[in-house]
Amino acid sequence: RGSGLTGLRRRKLLKSLSLAGRYVPNHAGFPDRRSPTDRPILNAFSPAVTVPSSGLLARLLRSRLVAVLALGVALGACWLLTQLAGGADHVPPLWSLVPILLAARRFGLVGALLTAVLGGLLSGPFTAADVARATAQNPSDWLLRLAFFIMIAVVSAALFKSLKKEGARHRAARSESERMAALLNADVQKRKLLEGELRELAFRDRLTGLANRSLLEELLCAALARARRKSLAVALICLDVNDFKLVNDSLGHDGGDRLLCEVTRRLDEAIRAEDLLARYGGDEFLIMIPDI
């Protein structure tokens, strides 16, 4: 009762079973029934574990009040630097560009415009042209600077708004790709589980967990081919349980199943690791001993 498979198909089947982790060949080249069964499936799309930041520090960084205070301190520092440098004639009071850019990044167009107006006023009427001589700036100078600040505020706010939209689209696309990857990974895992169950049903006896007739025939063909190449022999031991029908009739099928499981356990303890114990059908067992 051959399986009708060629030698190449048998080798491919044994290789696939070995790669699946269900039957790992031992040093004799045959599956070891005591080897681990399924290997865990690695999740290549699992999201990375993120470590939460400090609660108080994160709240302070996200606080609008803290941001407003920081902008005020920055504008004050810009005005103080111009005063210490000797006035607007000595150092052009363009320090306010930094708070304007920060306000555009944090608060958008409205915050950038307010910061630009405050920076223009601080660097204009409130900043002397020459501190030592106590001379004021010309209105045309600081008004031109105020217009320049407002223009920078509008341009920078539009740029940061565009960057925020692009970042939002990128995050949405990334979130969608991660969701699709998670769904794909779940489908792959489900398919792996189903394939494992199908392999179990195709090559293992459900009651005892031993190799069934199909797997025994495949491995027997491989053992005979190996024995021919190395001028060795393969032995088959056929066993059955006496009066098994009487056990089924008297104790029921549950009692017969328990008897078969106990016979399997004892036979498994009595043979070598490289030998193969299989249930051929009913109360019949076969032990294959390779490389004699």
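For this structure, a couple of remarks:
- Checked against (1) without any contact (Cβ under 8 Å) to a residue 24 or more places away in the chain; (2) basic (Lys, Arg); (3) exposed (fewer than 13 other Cβ atoms within 10 Å of the Cβ), Arg204 passes all but a single condition, namely (3).
- The range 95-117 residues that are in contact (Cβ under 8 Å) with a residue 60 or more places away in the chain and within 14 Å of Leu163 (Cα to Cα), paired with ones that are part of a helix (DSSP H, G or I) and not aliphatic (A, V, I, L, M) (beta carbon under 7 Å, 6 or more apart): none
- When the residues of the range 164-202 are filtered to those that are under 30 Å from Gly108 (Cβ atoms) and among the small types (Gly, Ala, Ser), the one that is modelled with the lowest pLDDT is Gly167.
- Selected residue (criterion: nearest to the chain's Cα centre (by Cα)) from residues of the range 249-258 that are farther than 16 Å from Arg206 by Cβ and either open to solvent by 40 Å² or more (accessible area, probe 1.4 Å) or aromatic (Phe, Trp, Tyr) (or both): Leu251
- Residue match in the range 160-182 (condition: in contact with a helix residue (DSSP H, G or I) (Cβ under 7 Å, 6 or more places away or on another chain) and in a helix (DSSP H, G or I)): yes
Residues are listed down the side, and each one gets a yes or a no for (1) of a type in the set (A, V, I, L, M, F, W, C); (2) under 18 Å from Arg279 (Cβ atoms); (3) part of a loop (DSSP other than H, G, I, E, B):
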position: Glu217; (1), (2), (3): no, yes, no
position: Leu220; (1), (2), (3): yes, yes, no
position: Arg226; (1), (2), (3): no, no, no
position: Leu232; (1), (2), (3): yes, no, yes
position: Leu239; (1), (2), (3): yes, yes, no
position: Asn242; (1), (2), (3): no, yes, yes
position: Ser250; (1), (2), (3): no, no, no
position: Gly255; (1), (2), (3): no, yes, no
position: Arg258; (1), (2), (3): no, yes, no
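- Selection of the range 263-275 for residues being in a helix (DSSP H, G or I), acidic (Asp, Glu) and surrounded by 11 or more Cβ atoms within 10 Å (Cβ to Cβ) yields only Asp268.
- Just one of (1) at pLDDT 90 or above; (2) open to solvent by less than 40 Å² (accessible area, probe 1.4 Å); (3) touching a strand residue (DSSP E or B) at 6+ places or on another chain (Cβ under 9 Å) fails for Ala225. It is (3).
- Matching option when the condition is exposed (fewer than 14 other Cβ atoms within 10 Å of the Cβ) and closer than 20 Å to Ile289 by Cα, among Leu246, Leu232, Leu184: Leu232
- Selection from the range 75-115 of residues that are modelled with pLDDT of 70 or more, open to solvent by 50 Å² or more (accessible area, probe 1.4 Å) and outside any helix (DSSP H, G or I): Leu94, Trp95
The values are calculated or read from the model by the stated rules, or taken from the named source; none is laboratory data. Everything numeric here is computed off the predicted structure, so don't read it as measured data. No Cβ is skipped: glycine too gets one built from the backbone with ideal geometry, and neighbour counts run over all protein chains shown. Heavy atoms of the whole protein, side chains included, go into the accessibility calculation; ligands, DNA and RNA do not. Shrake-Rupley method; radii C 1.70, N 1.55, O 1.52, S 1.80 Å.
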